[in-house]
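What follows is calculated from the coordinates using simple rules that are stated; it is not laboratory data. Small disclaimer: the values here were computed from a predicted structure and weren't measured. Cβ placement follows ideal geometry from the backbone for every residue including glycine, while neighbour counts extend to all protein chains displayed.
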Amino acid sequence: QVQLVESGGGLVQPGGSLRLSCAASGRTFSSDAMGWFRQAPGKEREFVAAISWSGGSTVYADSVKGRFTISRDNAKNTMYLQLNSLKLEDTAVYYCNAPGTYSRYTYYPGGYWGQGTQVTVSS
């Protein structure tokens, strides 16, 4: 059974940091692009960041560019999202996705989603 499991969410003050992880099991995604999405209450799920299979290419939503960093460790079948300088509007459930298609800095999500991890930014 293929699973993506996110972890690392929590409650943080504005300006704080968190590191999210997405651990894959059941198959390897080392040859696939992977991505992060988020969904805030009352809003549609939106793209956050994606990374190529090698980690050599990344793309970010404008709203998080310069603050979030996506990375991956193929040996561990795990993807990460470092969230810095968090803002109130970053509050959402964060989901990882794979196997995606990554072409010309555009990420097309694949069929597997994690269950999500809650990030709450509040003072």
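Okay, here's what the table says:
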quantity: Whole-angstrom Cα spans of the chain along principal axes, big to small; calculated: 40, 31, 27
quantity: Cleavage-rule hits (GluC sites (Glu not before Pro)) in region 1-95: DSSP loop, at most 14 neighbouring Cβ within 10 angstrom; calculated: Glu44
quantity: Residue-wise HN-Hα coupling along region 110-123, computed from phi with Karplus coefficients 6.51, -1.76, 1.60 (Hz; x: Gly, Pro); calculated: x, x, 9, 10, x, 7, x, 9, 7, 10, 10, 10, 7, 8
quantity: Under the Karplus curve 6.51 cos²θ - 1.76 cosθ + 1.60, θ = phi - 60°, whole-Hz ³J(HN,Hα) for region 80-92, x wherever Gly or Pro sits; calculated: 10, 9, 8, 10, 10, 6, 5, 10, 4, 6, 7, 4, 4
quantity: For region 43-56, 3J(HN,Hα) per residue [Karplus equation, 6.51 cos²θ - 1.76 cosθ + 1.60, θ = phi - 60°, Hz, x = Gly/Pro]; calculated: 10, 7, 5, 10, 5, 10, 6, 8, 9, 5, 4, 8, x, x
quantity: Of the trypsin sites (Lys or Arg not before Pro) in region 1-95, those whose Cβ has at most 15 other Cβ within 10 Å and which sit in DSSP loop; calculated: Arg27, Lys43, Lys65, Arg67, Lys76, Lys87
quantity: Hits among aspartates and glutamates - C-alpha to C-alpha of Lys65 under 15 Å, sequence gap 8 or more where chains match; calculated: Glu46, Glu89, Asp90
quantity: Amide H contacts under 5 Å for Tyr112, placed H, 5+ residues apart; calculated: Ala98
quantity: Region 1-43 versus region 62-123: alpha-carbon centroid distance in Å; calculated: 6 Å
quantity: Pairwise Cα inverse-distance average, inverted: Kirkwood Rh of region 64-123 (Å); calculated: 13.2 Å
